[in-house]
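*Asks:* Quick one: the structure is below, questions incoming.
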Amino acid sequence: MARLPAGQRREDFITAAVQVIAERGVHGATTRRIAERAQAPLASLHYCFHTKEELFLAIYEDMASAQVREGFHVREGSGLGRAAAGLLRQIQAWLAKEDTYAQAQLELFFWVLRQDSDLAKRVYQLYLDMLEGLLRQGLRPDDDVNLVEVLARTIASMADGLIPQWLTYKDPVIRDTTIDVIAESLERLADAHRLPQATPAG
């Protein structure tokens with residue numbers, strides 16, 4: 001078997017873990033099964049990730065970075081409401097395309113929450129930090145910066161709630177209609193909180 005670079009091996013284990021978790025749930029995702037799916041020695045898995053918790057945290061980090069790699073973006077100064085609406089649509093499109101990741105995310109998060117609430121906060125915060133960073137890129141001078149954290153949490157909550165709906169029905173009409181309603185609500189919320197701008201002295 002050819003020797004792979006450590007970075008590639010880590011990616012293989014993360015991909016394999018996501019697939020096994022989606023198929024068998026977290027309890028069925030043994031390190032042996034993950035190593036077999038990655039077609040790698042079990043010892044290599046333990047070398048790359050000393051604990052399951054370390055592997056699961058890496059999965060969340062990979063999810064956040066994958067979304068950025070997929071082209072999640074916000075146009076500079078586009079406005080907070082438009083940025084929030086656009087992000088929600090991008091997230092839902094990614095989740096619809098990545099069914100395996102979406103299901104593994106649900107399975108994994110609730111397992112982590114039961115095992116270690118501090119770790120659950122850390123992995124969820126990774127996601128919120130990514131959303132906040134993107135939303136800040138869209139800020140206009142008259143946007144209320146205090147809404148950034150609120151909107152990031154709202155987007156995350158909406159996306160989390162839409163995952164089981166999509167996995168259950170696989171109905172793009174329901175998905176798109178729901179997203180349109182929420183996206184419009186986010187834009188209206190941000191617009192309603194615009195800050196008054198000082199007018200130049202005449």
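The values are calculated or read from the model by the stated rules, or taken from the named source; none is laboratory data. From a predicted model like this one, the values you see are computed outputs, not experimental measurements. Using ideal geometry, Cβ is built from the backbone for each residue, glycine included, and neighbour counts are taken over all protein chains shown.
*Asks:* Give the residue that is farthest from the chain's Cα centre (by Cα), with candidates limited to residues of the range 107-152 that are of a type in the set (S, T, Y) and closer than 15 Å to E61 by Cα.
*Replies:* Just the residues of the range 107-152 that are of a type in the set (S, T, Y), to begin with: 117, 124, 127.
Going one step further and asking which of them are closer than 15 Å to E61 by Cα, we end up with 124, 127.
Working: Y124: 9, Y127: 5 Å.
Per the stated criteria, the residue is Y124.
*Asks:* Sticking with this structure for a sec: Among the residues of the range 113-122, count how many are of a type in the set (A, V, I, L, M) and out of contact with any Asp or Glu (no Cβ under 8 Å at 6 or more places or on another chain). Outline the logic, then answer.
*Replies:* Taking the range 113-122 and keeping what is of a type in the set (A, V, I, L, M), we get 113, 119-120.
Adding the requirement that they be out of contact with any Asp or Glu (no Cβ under 8 Å at 6 or more places or on another chain) leaves 113, 120.
Of the residues in that region, 2 qualify.
*Asks:* Within the range 8-47, how many residues are in contact with a Phe, Trp or Tyr (Cβ under 9 Å, 6 or more places away or on another chain) and at positive phi?
*Replies:* The qualifying residues number 1.
*Asks:* Condition (residue is without any contact (Cβ under 8 Å) to a residue 40 or more places away in the chain, part of a loop (DSSP other than H, G, I, E, B) and not aliphatic (A, V, I, L, M)) applied to the range 176-193: is it met by at least one residue?
*Replies:* Filtering the range 176-193 down to residues without any contact (Cβ under 8 Å) to a residue 40 or more places away in the chain leaves 176-178, 180-181, 185, 192.
Next cut, part of a loop (DSSP other than H, G, I, E, B) only: none.
No, the range 176-193 has no match at all.
*Asks:* Taking the range 55-73 as the search range and keeping residues that are closer than 15 Å to A159 by Cβ and modelled with pLDDT of 70 or more, which one is surrounded by the fewest Cβ atoms within 10 Å (Cβ to Cβ)?
*Replies:* Among residues in the range 55-73 that are closer than 15 Å to A159 by Cβ and modelled with pLDDT of 70 or more, the one surrounded by the fewest Cβ atoms within 10 Å (Cβ to Cβ) is A66.
*Asks:* Got a sec? Which of L106, L95, L135 is out of contact with any Phe, Trp or Tyr (no Cβ under 9 Å at 6 or more places or on another chain) and within 19 Å of T178 (Cβ to Cβ)?
*Replies:* After ruling out the rest, the residue left standing is L106.
*Asks:* While we're looking at this one, here's another question. D144 is checked against (1) surrounded by 14 or more Cβ atoms within 10 Å (Cβ to Cβ); (2) out of contact with any His (no Cβ under 8 Å at 6 or more places or on another chain); (3) outside any helix (DSSP H, G or I); (4) at pLDDT 90 or above and fails just one. What number does that condition carry?
*Replies:* Among (1) surrounded by 14 or more Cβ atoms within 10 Å (Cβ to Cβ); (2) out of contact with any His (no Cβ under 8 Å at 6 or more places or on another chain); (3) outside any helix (DSSP H, G or I); (4) at pLDDT 90 or above, D144 violates only (2).
*Asks:* Identify all residues within the range 111-140 that are under 17 Å from A192 (Cβ atoms) and either not in a loop (DSSP other than H, G, I, E, B) or not hydrophobic (A, V, I, L, M, F, W, C) (or both); write none if there are none. If you could, list the steps in order and put the result at the bottom.
*Replies:* Of the residues in the range 111-140, the ones under 17 Å from A192 (Cβ atoms) are 135, 138-140.
The answer is L135, G138, R140.
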